[in-house]
1. Please indicate, with yes or no, whether at least one residue in segment 127-146 is without any contact (Cβ under 8 Å) to a residue 24 or more places away in the chain and closer than 14 Å to residue 77 by Cβ.
2. Name every residue in segment 155-177 that is under 17 Å from the mean Cα position of the chain (by Cα), crowded, with 16+ Cβ neighbours inside 10 Å and farther than 13 Å from residue 98 by Cβ, in order of residue number.
3. Does any residue of segment 193-201 turn out to be closer than 26 Å to residue 26 by Cβ and either in a helix (DSSP H, G or I) or out of contact with any helix residue (DSSP H, G or I) (no Cβ under 9 Å at 6 or more places or on another chain) (or both)?
4. For segment 165-189, what are the residues that are in contact (Cβ under 8 Å) with a residue 12 or more places away in the chain and either in contact with a strand residue (DSSP E or B) (Cβ under 7 Å, 6 or more places away or on another chain) or over 21 Å from residue 215 (Cβ atoms) (or both)?
5. Residues that are modelled with pLDDT of 65 or more and surrounded by fewer than 22 Cβ atoms within 10 Å (Cβ to Cβ): list the helices (runs of 4 or more DSSP H) wholly contained in segment 31-79 that include at least 3 such residues.
C-alpha cells in the first residue's frame, strides 16, 4: 500500500458513503493476497517525522474510512493481511476468510504502533485485551483457524467459495432496512466508547428516527401484506 494508493482508497470509500445506490461494501484483494501492509520503499521517501500521520486525530474518515463509511462492510480475505492490511480488516463489520488468510499486526518489528489506531482500540474490543496485546507485542501471525477461534473471523470458506459467500452475506444484509442499518452501525461503534446512559440517549434518538422513517412504515406494511419489504433508506 503506497501513500498514493491509500489516498485513492480513502476517496473511493468516501464516495461509497454518499452513493445511495450502494447498500453494502465488500472489501477484498486478489486471489491469494489481501494487503501486505505499507510499501516500506515508498515510506522511506518521506521524512520520519512526517510518516504515517495522515491528518488530525479527529479526521475519522482518513484513519478509519471503512467505519466512517456508515454502510455495512464485509471483508473477504484470502491470503496475508499484514500491518495496514490487518488494520483495514479490523475495520470491516463482518470478516470471512479462506484457509490461506493470515493476519499480523507486526508494527513492533518496525518500531511503530498500529498505524491507523484500529489495532490499539478496535482489536482489544474484538478479541479481548490479553489476546490483542499478545498479537501487538509479538507481531505474531494468526492463522485463519486461530482467527476463527478468537472470533476475529466469522467464517472460513474454501477460496473458490469466498466471493460467493461474501455475496450471500451481502444479500442477507440487503434484506434489512438501510435506514436502521446506518444507525445500528453508529450505535455499535460509538457505543464502544460511551457509558450506558450516553448510549441509551443515542439509542432513544435513533429509535425515534426509525419510527418516523419510511423504512419503518414499509417494514410494517410488508409484514401485514405478507410480502418482502421494499426499503428505500429514508
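1. yes
2. The answer is 169, 170, 173.
3. There is no residue in segment 193-201 that is closer than 26 Å to residue 26 by Cβ and either in a helix (DSSP H, G or I) or out of contact with any helix residue (DSSP H, G or I) (no Cβ under 9 Å at 6 or more places or on another chain) (or both).
4. Once the filter is applied, which keeps residues that are in contact (Cβ under 8 Å) with a residue 12 or more places away in the chain and either in contact with a strand residue (DSSP E or B) (Cβ under 7 Å, 6 or more places away or on another chain) or over 21 Å from residue 215 (Cβ atoms) (or both), segment 165-189 yields 165, 166, 167, 169, 170.
5. Of the helices (runs of 4 or more DSSP H) lying wholly inside segment 31-79, those with at least 3 residues that are modelled with pLDDT of 65 or more and surrounded by fewer than 22 Cβ atoms within 10 Å (Cβ to Cβ) span 60-63.
The values are calculated or read from the model by the stated rules, or taken from the named source; none is laboratory data. This one's a predicted model, so the numbers in the text were calculated from it and none came from an experiment. Heads up, the Cβs are rebuilt from the backbone with ideal geometry, glycines too, and the neighbour counts pull from every protein chain shown.
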